[in-house]
1. Which one, 115, 297, 54, is farthest towards the positive end of the dipole of the chain when Lys and Arg carry +1 and Asp and Glu -1 on their Cβ?
2. Excluding same-chain residues fewer than 8 positions from residue 295, which aspartates and glutamates have a Cα within less than 15 Å of its Cα?
3. For region 164-203, place one equal point scatterer on every Cα, skip the solvent, and apply the Debye formula. What is log10 of I(q)/I(0) at q = 0.20, 0.22, 0.32 Å⁻¹?
4. Evaluate the charge dipole of the chain about its Cα centre and quote only its size in Debye, nearest 20, assuming +1 on the Cβ of each Lys and Arg and -1 on the Cβ of each Asp and Glu.
5. When the gyration tensor of region 205-282 is built from Cα positions, what are the square roots of 5 times its three eigenvalues, in whole Å, from largest to smallest?
6. Taking a cut-off of 19 Å between Cα atoms, list the lysines near residue 83, but don't count ones fewer than 8 places away on the same chain.
7. Mind checking Rg over Rh on region 72-226, alpha carbons, Kirkwood formula for Rh?
8. Which order do 276, 101, 208, 128 take when ranked by solvent-accessible area (1.4 Å probe, heavy atoms of all protein chains), largest first?
Amino acid sequence: MALARKIAPQWGGTMWDDFVSQQIRRTNRNLLILGTALLAIVATVASFTWREAYNYVFGPFPIQAAELATIGNADQPKRYYLKVQGDKSYTTGMQVVDADHKENVLAVVVALRVGEKFLLVKTPADNHQLEFKGALVAMPAEVRSGAVQPIEEKYPDLQGAFLPFMLDATGFRNWDDTVVAIFGFLITGMGLFLVGLPLFRMARPEQHPFFAKLEKYGQLQIVRARIDSEMRGEGGGEKFGGLRITTNWLINAAPYKTDAMATQDIVWAYPKVIKHYHNGIPTGKTYSAMVRDSKGQSMEVSGKKDSVPKLLESLARRMPWILVGYTTELEALWQKQKPRFFQLMERRRAELPVASR
């Protein structure tokens, strides 16, 4: 609430055209674009697979014999993942066996009488059950020739009694489909979040986290004015990719987040290299600089192999008291004994000429 009161008088003024506001609008726009892109991808995929998705989520659907008899082919109905209740089932003698191990029976085909019609059902086992859950599929030619034709030849009065499709009851929701569905829900949720977050921040800009960060350095309006003044006066500052360095500020304008540090608070900077592997084979490296300050904050600045050393050189030149380089001893000191780390920095600063502090 205190932060909201400090910002509220600025709504109608020019403060919303300053550098900080530009960064807020930029990150909001990027988040909105990313979220919209994710939702567009989901919508595009769903437009091609909506029938499968609908049946996967809401099926199986109970169906009556009369409705089943009106279906002309398996691709016709919107609802094709069905729960079918029959009157009696008959063994057809047809089996689906493992191609490498003929003795391994994977499924059997039974004829289920549903009203005045017969529906062939592919099921893992013939347990003489009368209710099946499965997907309508086209009847393969080998099933028609191996099961339907022999029965029709033996019983001519059954000509036309078999439905022109069959029910695959061997499993509709397999693990692969479940993983895809979960992934789709996660992407949708992420897209909605990424769209909603910038819209919320646009509606309530006083609650933007960048303002809370800047408030650590003093009255927000004054801090914003100082940053904007330095950016204008120093031509946008020294640039390293998205990072800008001015006399008193380090501003890292990442695609979806803007970070800030006061140069006088910086105590340590070092290069960070991450090696990437795929199946044990090196695929590349990513380079960045880690910058840490006396408030315990860390800033990671992405860069290139040749730009990261130049950035560290610039920081050391501008802030000669800081430590540059990484050792496990310094990392342990930072993680476990920050007060001692900061005391070390103060001693280094005190040893410098007054003009360099």
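1. Farthest towards the positive pole: 297.
2. Output for residue 295: 215, 259, 265, 346.
3. -0.70, -0.75, -0.97
4. 2320 debye
5. 30, 16, 12
6. Reachable lysines: 117, 122, 133.
7. The Rg/Rh ratio comes out at 1.43.
8. 128, 101, 276, 208
The values are calculated or read from the model by the stated rules, or taken from the named source; none is laboratory data. Note that the coordinates shown come from a computational prediction; the quantities given were computed from them, not determined experimentally. Counting neighbours? That spans all protein chains shown, and the Cβs are built from the backbone with ideal geometry, glycine included. Heads up: the accessible areas ignore ligands, DNA and RNA and are worked out on the full protein's heavy atoms, side chains in. Shrake-Rupley method; radii C 1.70, N 1.55, O 1.52, S 1.80 Å.
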